[in-house]
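Take a look at the structure below.
The values are calculated or read from the model by the stated rules, or taken from the named source; none is laboratory data. Computed from a prediction, not measured in an experiment: that's the story for all the values here. Don't worry about glycine lacking a Cβ; one is built from the backbone with ideal geometry, like all the others, and counts go over all protein chains shown.
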Ligand SMILES: [Mg+2]
């Protein structure tokens with residue numbers, strides 16, 4: 001009984017201490033904490049998986065329906081992260097470890113080859129590669145992580161992963177030049193698949209959200225046919241699109257910008 005009381009007291013002391021800490025979380029950990037619900041949805045909900053299957057079901061229909069051009073083989077250009085593979089465990093690590101995104105830890109994650117497949121992605125890629133098409137995996141992962149990335153993809157069952165089809169970031173994260181190169185090689189690119197508007201070309205690169213929304217509205221009829229989008233509430237250029245210079249801001253400033261961007265009812 002006495003032991004229980006002692007244990008109970010120490011638990012209370014621990015709770016009180018953690019309560020004090022929780023009352024004043026620093027801005028950096030508050031930023032990370034705001035990702036928790038998005039991670040819960042991404043990792044746990046059936047709805048996320050349904051959207052991914054829906055995207056790849058549409059992609060397959062569009063691939064099949066795209067007209068064949070004589071002498072120009074069909075190609076599909078896909079992004080990798082949060083399009084074909086799921087890195088949400090890296091984002092969850094950021095929350096648990098209280099760490100911001102950083103090139104070094106991201107590279108360590110890439111080298112660990114622990115990304116999982118997005119639902120429907122492997123079957124779609126292998127369908128394209130076995131039905132007269134070529135999959136091009138165009139990603140802004142760093143070239144130093146190319147071997148690990150290829151290894152990770154192959155282990156998950158993606159076909160056609162090689163030096164010709166895996167095109168990682170060289171000098172710029174703007175993918176337009178890599179897209180143009182694939183077309184210049186004689187491919188009929190029938191479909192672009194991504195989780196970021198920049199996965200469709202240069203039009204939205206370094207643009208704010210008003211411009212990004214305008215691009216989507218102007219191209220609304222292409223979504224589901226030429227452009228396929230996967231949901232990613234964890235990160236993306238939509239976040240830096242919240243304000244000019246967002247990526248250079250302090251955590252306190254980022255929190256203020258996020259709050260200021262809410263469209264709220266006045267409660268009456
Ligand atoms: Mg991506």
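How many residues, within the stretch 222-249, are touching a helix residue (DSSP H, G or I) at 6+ places or on another chain (Cβ under 7 Å) and exposed (fewer than 13 other Cβ atoms within 10 Å of the Cβ)? Qualifying residue count for the region: 1.
Considering the stretch 74-142, there are no qualifying helices (runs of 4 or more DSSP H) wholly inside with 3 or more residues that are at pLDDT below 95 and within 15 Å of the ligand (Cβ to nearest atom). Kindly indicate whether any position in the stretch 43-52 is outside any helix (DSSP H, G or I) and in contact with a strand residue (DSSP E or B) (Cβ under 9 Å, 6 or more places away or on another chain). Scanning the stretch 43-52, I find no residue that is outside any helix (DSSP H, G or I) and in contact with a strand residue (DSSP E or B) (Cβ under 9 Å, 6 or more places away or on another chain), so the answer is no. Just checking, which of 159, 173 is surrounded by fewer than 18 Cβ atoms within 10 Å (Cβ to Cβ), assigned to a loop (DSSP other than H, G, I, E, B) and within 16 Å of the ligand (Cβ to nearest atom)? One residue alone meets the criteria, 173.
Scanning for something under 26 Å from residue 113 (Cα atoms) and within 16 Å of the ligand (Cβ to nearest atom), does the stretch 183-191 turn up at least one residue? Within the stretch 183-191, none of the residues are under 26 Å from residue 113 (Cα atoms) and within 16 Å of the ligand (Cβ to nearest atom).
Residue check: residue 168 meets all listed conditions (1) surrounded by fewer than 19 Cβ atoms within 10 Å (Cβ to Cβ); (2) in a loop (DSSP other than H, G, I, E, B); (3) within 16 Å of the ligand (Cβ to nearest atom) but one, namely (2). Restricting attention to the stretch 229-249, the residues being under 21 Å from residue 38 (Cα atoms) and either in contact (Cβ under 8 Å) with a residue 40 or more places away in the chain or in a helix (DSSP H, G or I) (or both) number 14.
Without any contact (Cβ under 8 Å) to a residue 24 or more places away in the chain and over 13 Å from the mean Cα position of the chain (by Cα): is that true of residue 144 in this structure?
For residue 144, the condition - without any contact (Cβ under 8 Å) to a residue 24 or more places away in the chain and over 13 Å from the mean Cα position of the chain (by Cα) - is not met.
Of all residues in the stretch 206-218, those that are surrounded by 15 or more Cβ atoms within 10 Å (Cβ to Cβ) and outside any helix (DSSP H, G or I) total 2.
Residue-by-condition table, conditions (1) farther than 23 Å from residue 162 by Cβ; (2) free of Cβ contacts under 8 Å to residues at least 40 places away in the same chain; (3) under 14 Å from the mean Cα position of the chain (by Cα); (4) buried (at least 23 other Cβ atoms within 10 Å of the Cβ):
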| site | (1), (2), (3), (4) |
| --- | --- |
| 78 | no, no, yes, yes |
| 82 | no, no, yes, yes |
| 98 | yes, no, no, no |
| 105 | yes, yes, no, no |
| 114 | no, yes, no, no |
| 129 | no, yes, no, no |
| 132 | no, no, no, no |
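Go through the residues of the stretch 21-28 one by one and say whether even a single one is surrounded by fewer than 14 Cβ atoms within 10 Å (Cβ to Cβ) and over 30 Å from residue 247 (Cα atoms). No. Filtered by the rule that a residue be closer than 17 Å to residue 172 by Cβ and away from the ligand (no atom under 11 Å from the Cβ), the stretch 192-246 gives 200, 201, 202, 203, 204, 205, 206, 207, 240. Cβ separations smaller than 8 Å between residues 6+ apart or across chains give the following pairs from the stretch 250-266 residues that are free of Cβ contacts under 8 Å to residues at least 60 places away in the same chain to residues that are part of a helix (DSSP H, G or I): 257/246.
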